[in-house]
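The block underneath contains the structure these notes are about, expressed in structure tokens.
The values are calculated or read from the model by the stated rules, or taken from the named source; none is laboratory data. Here the structure is a predicted model, which is why all the values come from computation and not from measurement. Backbone-built Cβ (ideal geometry, glycine too); neighbour counts: all protein chains shown. SASA here: full protein model, heavy atoms, side chains in, ligands and nucleic acids out. Shrake-Rupley method; radii C 1.70, N 1.55, O 1.52, S 1.80 Å.
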Amino acid sequence: EYHNTQSGMQFLNVGCCANLANYRLDRWPSTYFGADISPALIEAMQGFAVNHHIPVGGLHVAEVVSLPYDDGFFDIADAIGVLEYCSLDYTERALIELNRVLKPDARMVVDIPNLDHPLVEAMFQLEDYLGRPNVPKSRTAFERLLTSLFAIDDADESHVMLKYFVRAAKGKSQ
């Protein structure tokens with residue numbers, strides 16, 4: 001709903017994992033691009049797209065700090081379930097890179113664990129069990145990075161993941 005997708009828009013799903021298959025993001029009226037660090041996941045999604053005759057703009061193996069796209073290419077983006085595994089320094093570099101590939105005023109949804117949520121410790125225990133790193137970031141530190149590059153339209157703190165709805169603010173410090 002926040003993205004207000006329209007035909008002709010370019011949509012970037014960073015840390016795409018199996019989102020194309022799970023959520024059928026190709027059905028949005030935009031051109032879908034996915035980037036993930038896992039070659040196996042990208043290969044699986046490429047197979048899914050071919051087997052289901054799904055046109056996509058591209059599926060790429062890439063780190064969020066080094067995306068293979070031109071400056072100002074995307075109208076909308078998601079980075080959901082990505083930055084909680086990253087250090088604050090890496091997160092800053094990722095946000096700079098995301099800002100680079102977004103058009104001015106492009107909309108993006110991004111999230112981090114909500115350290116004030118009563119279930120955050122249970123989430124961290126599950127992540128630990130799955131062998132995933134827990135790299136908690138304070139809301140203040142994350143928002144400082146975020147607002148240096150993006151304008152925050154809204155934040156949803158009602159869930160274990162703190163979700164931000166932001167717009168690329170070109171001209172801010174990069």
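Just a few scattered comments:
- Criterion (under 28 Å from Met9 (Cα atoms) and acidic (Asp, Glu)) met by exactly one of Glu97, Glu121: Glu97
- Considering residues of the stretch 85-110 that are of a type outside the set (A, V, I, L, M, F, W, C) and buried (at least 21 other Cβ atoms within 10 Å of the Cβ) only, the residue nearest to Val135 (Cα to Cα): Thr91
- Inter-residue pairs, beta-carbon under 6 Å, first part of a helix (DSSP H, G or I) and in the stretch 135-161, second crowded, with 17+ Cβ neighbours inside 10 Å, 6+ apart: Phe142/Ile112; Leu145/Glu92; Leu145/Leu95
- The residues listed here are Asp36, Asp26; of these, the one that is among the acidic types (Asp, Glu), open to solvent by 30 Å² or more (accessible area, probe 1.4 Å) and within 20 Å of Ile76 (Cα to Cα) is Asp26.
Listed here are the residues, each with its yes/no results for (1) more than 22 Å from Leu98 (Cα to Cα); (2) open to solvent by less than 50 Å² (accessible area, probe 1.4 Å).
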| residue | (1), (2) |
| --- | --- |
| His3 | no, yes |
| Ser7 | no, no |
| Ala40 | yes, no |
| Ser66 | no, no |
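- Residue in the stretch 117-125 that is crowded, with 22+ Cβ neighbours inside 10 Å and touching a strand residue (DSSP E or B) at 6+ places or on another chain (Cβ under 8 Å) present: no
- Residue count for the stretch 30-58 satisfying the condition of being under 19 Å from Ala94 (Cβ atoms) and either in contact with a Lys or Arg (Cβ under 7 Å, 6 or more places away or on another chain) or in contact (Cβ under 8 Å) with a residue 40 or more places away in the chain (or both): 1.
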